[in-house]
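What follows is a single structure, written as structure tokens, with notes after it.
The values are calculated or read from the model by the stated rules, or taken from the named source; none is laboratory data. Note that the structure is a prediction, hence the values are computed from the model and not measured. As a convention, Cβ positions derive from the backbone with ideal geometry for all residues, glycine included, and neighbour counts pool all protein chains shown.
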């Protein structure tokens, strides 16, 4: 029987934290813009990003996600 591969992103059913983790991989507008609040987080190893996201409170996740939505809106409407 094959062993189940280890999952680097273990947030269970927390969709918001999963979304935040995805944003730590790359900006949806591509790359890692230096003006992004997640810029320095994207420079961390995946395991460190995972731990950082897991340490966030729900309120911190909401703030990050709201900032992300506002930024995307601005960039799409430039």
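Taking interchain pairs and intrachain pairs at least six residues apart, which have beta carbon atoms under 8 angstrom, with the first residue in segment 26-52 and on the phi > 0 side of the Ramachandran plot and in contact (Cβ under 8 Å) with a residue 60 or more places away in the chain and the second assigned to a helix (DSSP H, G or I) and surrounded by 15 or more Cβ atoms within 10 Å (Cβ to Cβ)?
none
Can you give me the number of residues within segment 33-58 that are in a helix (DSSP H, G or I), under 18 Å from residue 16 (Cβ atoms) and at pLDDT 90 or above?
Just the residues of segment 33-58 that are in a helix (DSSP H, G or I), to begin with: 41-43, 46-55, 58.
Filter once more, so that each one left must be under 18 Å from residue 16 (Cβ atoms): 41, 49-55, 58.
Filter once more, so that each one left must be at pLDDT 90 or above: 41, 49-55.
Counting residues in segment 33-58 that are in a helix (DSSP H, G or I), under 18 Å from residue 16 (Cβ atoms) and at pLDDT 90 or above gives 8.
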